[in-house]
Amino acid sequence: MKISQRAEQITPSPTIGMATRAKQMKREGIDVISFAVGEPDFPTPDHICAAAQQAMAAGHTKYTPAAGIPELKEAIAQSMQQQLGLTYEPGQVCVCNGGKHALMNIWQTLVDPGDEVIIFAPYWVSYTEQIKLVGGRPVPLMTTGANDFQPDLDEVQAAVTDRTVAILVNSPSNPSGAVFSHEIMAGIAEIALDNGLAIISDEIYKHLIYGGGQHLSPAMLGDEVKQATIIVDGVSKTYSMTGWRIGWLIGPQDFVGKVNSIQSQQTSNPNSIAQYAALAALTGPQDCVGQMREQFQQRRDYLVPALQQIPGVQCTSPPGAFYVFPDVSAHLGTELAGQRIDNSLQLADYLLAEAHISTVPGSAFGAEGYLRLSFACSLDDLREGVARLQQALVT
């Protein structure tokens, strides 16, 4: 059977791949600690689950409007006003089948074959693959832990060509946990406006900022920037609802209208029951958000100093999200337990096989020499995982 060229060029998700291998080892009775998947380990709050049950009992099990139920779109618009001081109409919101689907909707609406999108490495693994899937060309610009993963604005300006259509920002970032400074975000916005580019702002981790920091959306930098910005968000990380698959995008009404048309043909509406659960998440008690954030910060505050104590590991403290992205390049080009380790993929494979720790290689995020570890797991798992990591690296 013929396979399309677009299907052939897509790389499977390394994060899912590592998680799948770890789960298989667990099924075989091996005690594996997984730092691979970006998924909160907390249960979905009770009032959200209760809302889903109530929705089923009320018969909300049929088709909804393709772009989402009006009540949820209104709640999303209101949350933007309450949290960020941004005014949007419900018609500027499209509810999607998760944040990943929202991004895919954007690329299908924005990008023609040969168009370029500037992204910042390390980047979430799906960004490059989705852009390629619609015939676009991702243009990654490297950042490093030495500069807290802040991009160089001169490099951003130099990367703009006559085929550039957008700049993608993800702050807080997966995988680095970086939060772009006001200066950097404003500089990116200026470059975008000067060149007529869209700003795609993935804000799925916006509620996970530590140390009293505040989230900055590019849309908060003025009306002109807001008109050029498309925001992606969802309930997955904030409310521990990864499996419910509800995300959304917010942007100029004419753009969102085109997205709605595409979504109506591809998927119809997001899951009706999950939409009512998401509505309860946004309009119900918010204590759970702060409680989960507090637990994540405690884990981060344990994990970073513990990793810094391991010879050959350099780790900055992430101001957001629930990942650390340590530099392990000192261990590349060496032998560990008789095995030659030349790159981060080989190191991740070694750690899974020998130490029974599941991590994700930095190369998956466009940043060789790093590993991503999620601290969306218990403190006990973090302590045991660090002990195994130290033993595996110091042989």
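The sole residue among 353, 392 that is without any contact (Cβ under 8 Å) to a residue 12 or more places away in the chain, hydrophobic (A, V, I, L, M, F, W, C) and in a helix (DSSP H, G or I) is 353.
From the list 57, 66, exactly one residue is hydrophobic (A, V, I, L, M, F, W, C) and touching a residue at least 24 places away in the same chain (Cβ under 8 Å). Which is it?
Unique residue meeting the criteria: 66.
Checking every residue in segment 94-101 against the condition of being surrounded by 20 or more Cβ atoms within 10 Å (Cβ to Cβ), over 27 Å from residue 67 (Cβ atoms) and among the aliphatic types (A, V, I, L, M) gives zero matches.
Please tell me if residue 30 is outside any loop (DSSP other than H, G, I, E, B), within 30 Å of residue 351 (Cβ to Cβ) and not polar (S, T, N, Q). No; evaluated as a whole, the condition is false for this residue. Is it true that residue 55 is exposed (fewer than 14 other Cβ atoms within 10 Å of the Cβ) and of a type in the set (A, V, I, L, M, F, W, C)? No.
Taken over segment 314-324, residues that are touching a helix residue (DSSP H, G or I) at 6+ places or on another chain (Cβ under 7 Å), surrounded by 22 or more Cβ atoms within 10 Å (Cβ to Cβ) and part of a loop (DSSP other than H, G, I, E, B) amount to 3. Within segment 247-261, does at least one residue satisfy the condition of being closer than 16 Å to residue 49 by Cα, among the hydrophobic types (A, V, I, L, M, F, W, C) and either touching a residue at least 12 places away in the same chain (Cβ under 8 Å) or touching a Lys or Arg at 6+ places or on another chain (Cβ under 7 Å) (or both)? No: zero hits. Between 22, 36, the distinction of being under 25 Å from the mean Cα position of the chain (by Cα), of a type in the set (A, V, I, L, M, F, W, C), surrounded by 14 or more Cβ atoms within 10 Å (Cβ to Cβ) and not in a helix (DSSP H, G or I) belongs to 36 only.
Of all residues in segment 364-389, those satisfying the criterion of being part of a helix (DSSP H, G or I) and surrounded by 19 or more Cβ atoms within 10 Å (Cβ to Cβ) are 364, 365, 382, 385, 386, 389.
Is it true that residue 106 is surrounded by 17 or more Cβ atoms within 10 Å (Cβ to Cβ) and either part of a helix (DSSP H, G or I) or among the acidic types (Asp, Glu) (or both)? For residue 106, the condition - surrounded by 17 or more Cβ atoms within 10 Å (Cβ to Cβ) and either part of a helix (DSSP H, G or I) or among the acidic types (Asp, Glu) (or both) - is met. Mind checking whether some residue in segment 164-171 is assigned to a helix (DSSP H, G or I), surrounded by fewer than 24 Cβ atoms within 10 Å (Cβ to Cβ) and modelled with pLDDT of 95 or more? Scanning segment 164-171, I find no residue that is assigned to a helix (DSSP H, G or I), surrounded by fewer than 24 Cβ atoms within 10 Å (Cβ to Cβ) and modelled with pLDDT of 95 or more, so the answer is no. For segment 191-205, the count of residues that are at pLDDT 95 or above and touching a Phe, Trp or Tyr at 6+ places or on another chain (Cβ under 7 Å) is zero. Figure legend. Inter-residue proximity from segment 300-324: first residues among the hydroxyl-bearing types (Ser, Thr, Tyr), second residues surrounded by fewer than 19 Cβ atoms within 10 Å (Cβ to Cβ), beta-carbon distance below 7 Å, spacing 6+ or different chains. Indicated pairs: 302/379; 316/148; 317/304. Residue count for segment 296-313 satisfying the condition of being assigned to a helix (DSSP H, G or I) and in contact with a Pro (Cβ under 9 Å, 6 or more places away or on another chain): 5. Residues in segment 39-65 that are of a type outside the set (Val, Ile, Thr) and in a loop (DSSP other than H, G, I, E, B): 39, 40, 41, 42, 43, 45, 58, 59, 60, 62, 63, 65.
The values are calculated or read from the model by the stated rules, or taken from the named source; none is laboratory data. In this text the structure is predicted, and so the values were computed from the model without any measurement. Every residue, glycine as well, gets a Cβ built from its backbone with ideal geometry; the counts of neighbours run over all protein chains shown.
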